[in-house]
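The values are calculated or read from the model by the stated rules, or taken from the named source; none is laboratory data. Predicted model only: the values in this text are computed from it and were never measured. Note that each Cβ is placed from the backbone with ideal geometry, even for glycine, and that neighbours are counted across all protein chains shown. Side chains are part of the model used for accessible areas, which takes the heavy atoms of the whole protein and leaves out ligands, DNA and RNA. Shrake-Rupley method; radii C 1.70, N 1.55, O 1.52, S 1.80 Å.
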Protein chains: 2
Amino acid sequence: MDSFGEIIKRFRESNGLFLRQVAAKMDIDQAIISKFERGERKPTKEQVQKFARFYKIEEEKLMIAWLSDKVAYELVEEKNHYKILSVAEQKIRFLKIKKKV
Amino acid sequence: MDSFGEIIKRFRESNGLFLRQVAAKMDIDQAIISKFERGERKPTKEQVQKFARFYKIEEEKLMIAWLSDKVAYELVEEKNHYKILSVAEQKIRFLKIKKKV
DNA sequence: GTTTGTTTTGACAATATAGGTCAAATATAG
DNA sequence: CTATATTTGACCTATATTGTCAAAACAAAC
């Protein structure tokens, strides 16, 4: 249940890298990476993919963390979050079927 | 499992109102309401509340439809949507507990 | 306590996304 | 064809998100 930020921070540290180094190699401002790691800012989808490649993390895994962060952030202040999620699930299933036809 | 748009359209029609009339009373451009009804645009939270009051729909019900639309729209193109939703659910639960402390 | 190296913060700019307005186009009914 | 209702699309504005940079804060070493 890790957040995107926790994951990329863990990988950075286990590789013994400084923000400065990651920033240079990935060509992303280090202030932003610092904010990603602490969940203060959300990366774009392209950045998520870039991090997956950089740290050799399975892209799907990182994507799940990132998207679930977004959904959680969007609903945490709302009532009935469980209901909202289950209705959303039904709608997604319906939409996915519809598109294939 | 209705979308926000389907709900407000149903209420408008069952009240025998034209878009023009709703638009005038609610002070929202009728083109926008037309787009809401067909899901082409998403209303703001304030507008959702306004529609709930206008049609005397239970606000929670409309809010659930609106938020689940947003989540569904956000995830429909993604893989692993079920996994994403279940991780999001855990994260929300965790965050809600954390806030109360 | 000052030097050196790292991370965090915050103000501001740039960009992207969402929402609003309006008039014209397209139904639909008579 | 006329009249009324809805939809579409182009354009504009507002808001939210992301990027940049320099300074502040933190930490370890000495």
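Figures for the structure shown
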| quantity | calculated |
| --- | --- |
| Scope the range B:32-80; condition within 14 Å of DNA strand C (Cβ to nearest atom), out of contact with any helix residue (DSSP H, G or I) (no Cβ under 7 Å at 6 or more places or on another chain) and farther than 27 Å from A:Met63 by Cβ; matching residues | B:Ile32, B:Lys35, B:Glu40, B:Thr44, B:Lys45, B:Glu46, B:Gln47 |
| Residue within the range A:55-75 that is of a type outside the set (Asp, Glu), assigned to a loop (DSSP other than H, G, I, E, B) and within 14 Å of DNA strand D (Cβ to nearest atom) present | no |
| Of residues in the range B:52-71 being more than 14 Å from B:Gly5 (Cα to Cα) and at the interface with chain A (Cβ under 7 Å from one of its Cβ atoms), the one least open to solvent (accessible area, probe 1.4 Å) | B:Val71 |
| Exclusive hit being within 16 Å of DNA strand D (Cβ to nearest atom), at positive phi and in contact (Cβ under 8 Å) with a residue 12 or more places away in the chain, set A:Gly16, A:Gly39, A:Gly5 | A:Gly39 |
| Single match in A:Arg10, A:Arg41, A:Arg93 (criterion: assigned to a helix (DSSP H, G or I) and more than 14 Å from every other protein chain (Cβ to nearest Cβ)) | A:Arg10 |
| Every residue from the range A:22-31 that is more than 6 Å from DNA strand C (Cβ to nearest atom), at negative phi and surrounded by fewer than 16 Cβ atoms within 10 Å (Cβ to Cβ) | A:Ala24, A:Lys25, A:Asp29 |
| Filter pass, A:Leu85 being open to solvent by less than 80 Å² (accessible area, probe 1.4 Å), facing chain B (nearest Cβ under 10 Å) and assigned to a helix (DSSP H, G or I) | yes |
| Residue count, the range B:1-21 (criterion: open to solvent by less than 80 Å² (accessible area, probe 1.4 Å), more than 18 Å from the chain's Cα centre (by Cα) and small (Gly, Ala, Ser)) | 1 |
